[in-house]
Amino acid sequence: ALIYAEKGANLGVSVCAYNIYNYNANKSIGYRLRYLLQAALCINGEFRHEAQFNIGHMMAKSYANGAIYWYQQSAKGGIKLAYLNLGYMYRSNKYECENEKEAFKCYLKSIDDSIPTSYYEVAWCYLAGMGVEANPTLGMKYLDKACSFKVNKAYILRAYCYTGAMGVKKNIAKAKYYLNLAKKPTFEEDRAGLLLYGMVEILLEKEGCW
């Protein structure tokens, strides 16, 4: 099967090139990346934008500008997860490309039921006024949507909001309810979520109900 896939890839069939990358983990990374790049560069090729997304993901930790370029190409092809990852990169101070307005725009374009976290990111932007004028009503609307998909950090943020911190009137009973729905994240899973969880615990302790 690999021989035929290589022949197809060498004839410019992008799906063959993409499948060589995807289904041959036993091969060297150099060998697989050659075909991934071939799939990404194939004009109008099937799986071209998925290949572009994968290249962006590989570059994200070491070459921000390269990652942004490939994520942008993938996003133009309709890969909404690429918009979400672009949002993360524009939001993070780890990269020289920090731009909160661009982060918000990308999060908004990533909105899709298949990516529940996208609702959380847009909610956070509206609630915190990050990259957009603060709008608690819209923020809670998107946060409700994220909670409907059982996004763990959405439960934590909802609990934080009900401590009187932002978005809605203080309601300690609801804050406790939503924090009980949430699983306490580990440091490795979600550092920001763990910090927010701890803040809610402290605020509830001050109210004498945690």
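Residue under question is Ile156, and the condition is that it be open to solvent by less than 20 Å² (accessible area, probe 1.4 Å), touching a residue at least 40 places away in the same chain (Cβ under 8 Å) and either assigned to a helix (DSSP H, G or I) or on the phi > 0 side of the Ramachandran plot (or both); does it hold?
Values: open to solvent by less than 20 Å² (accessible area, probe 1.4 Å): yes; touching a residue at least 40 places away in the same chain (Cβ under 8 Å): yes; either assigned to a helix (DSSP H, G or I) or on the phi > 0 side of the Ramachandran plot (or both): yes.
Yes.
Quick one: in the stretch 66-110, of everything that is among the polar types (S, T, N, Q) and touching a Phe, Trp or Tyr at 6+ places or on another chain (Cβ under 8 Å), which residue is surrounded by the most Cβ atoms within 10 Å (Cβ to Cβ)? Can you show your working first?
Taking the stretch 66-110 and keeping what is among the polar types (S, T, N, Q), we get 72-74, 85, 92-93, 99, 110.
In the following step, the residues that additionally are touching a Phe, Trp or Tyr at 6+ places or on another chain (Cβ under 8 Å) were identified as 74, 85, 99, 110.
Details: Ser74: 27, Asn85: 22, Asn99: 14, Ser110: 24.
Ranking the qualifying residues of the stretch 66-110, first place goes to Ser74.
Testing Leu127 on (1) without any contact (Cβ under 8 Å) to a residue 40 or more places away in the chain; (2) open to solvent by less than 50 Å² (accessible area, probe 1.4 Å); (3) assigned to a helix (DSSP H, G or I), one condition comes back false. Which one is that?
Checking Leu127 against (1) without any contact (Cβ under 8 Å) to a residue 40 or more places away in the chain; (2) open to solvent by less than 50 Å² (accessible area, probe 1.4 Å); (3) assigned to a helix (DSSP H, G or I), the one that fails is (1).
Lys7 is checked against (1) modelled with pLDDT of 85 or more; (2) in a helix (DSSP H, G or I) and fails just one. What number does that condition carry?
It is condition (1) that Lys7 fails.
For Lys150, state whether it is part of a loop (DSSP other than H, G, I, E, B), at positive phi and out of contact with any strand residue (DSSP E or B) (no Cβ under 7 Å at 6 or more places or on another chain).
Details: part of a loop (DSSP other than H, G, I, E, B): yes; at positive phi: yes; out of contact with any strand residue (DSSP E or B) (no Cβ under 7 Å at 6 or more places or on another chain): yes.
In short, yes.
With the requirement that a residue be under 19 Å from Ala67 (Cα atoms) and part of a helix (DSSP H, G or I), what does the stretch 95-124 give you? Steps first, answer last, please.
Filtering the stretch 95-124 down to residues under 19 Å from Ala67 (Cα atoms) leaves 95-107, 109-110.
Scanning the stretch 95-124 gives Glu100, Lys101, Glu102, Ala103, Phe104, Lys105, Cys106, Tyr107, Lys109.
If you go through the stretch 18-65, how many residues are under 30 Å from Ser92 (Cα atoms), open to solvent by 60 Å² or more (accessible area, probe 1.4 Å) and among the aromatic types (Phe, Trp, Tyr)?
So the answer is 2.
Which residue, of Leu138, Leu81, is among the hydrophobic types (A, V, I, L, M, F, W, C) and closer than 30 Å to Tyr177 by Cα? Lay out the reasoning, then the answer.
Values: Leu81 fails: closer than 30 Å to Tyr177 by Cα.
Among Leu138, Leu81, only Leu138 is among the hydrophobic types (A, V, I, L, M, F, W, C) and closer than 30 Å to Tyr177 by Cα.
Do the conditions hold for Lys141, that is, is it among the basic types (Lys, Arg), more than 12 Å from the chain's Cα centre (by Cα) and assigned to a helix (DSSP H, G or I)? First the steps, then the outcome.
Numbers: among the basic types (Lys, Arg): yes; more than 12 Å from the chain's Cα centre (by Cα): yes; assigned to a helix (DSSP H, G or I): yes.
For Lys141, the condition - among the basic types (Lys, Arg), more than 12 Å from the chain's Cα centre (by Cα) and assigned to a helix (DSSP H, G or I) - is met.
Does any residue in the stretch 167-187 that is farther than 22 Å from Val122 by Cα come within less than 8 Å, Cβ to Cβ, of a residue that is open to solvent by 90 Å² or more (accessible area, probe 1.4 Å) and of a type in the set (A, V, I, L, M, F, W, C) six or more places away or on a different chain, and which pairs are these?
As it stands, the answer is Lys176/Trp210, since those pairs meet every condition given.
The values are calculated or read from the model by the stated rules, or taken from the named source; none is laboratory data. As the structure is a computational prediction, the values presented were derived from the model and not from experiment. Positions of Cβ are backbone-derived with ideal geometry, glycine not excepted, and every protein chain shown enters the neighbour counts. Note: areas computed on protein heavy atoms with side chains; ligands, DNA, RNA excluded. Shrake-Rupley method; radii C 1.70, N 1.55, O 1.52, S 1.80 Å.
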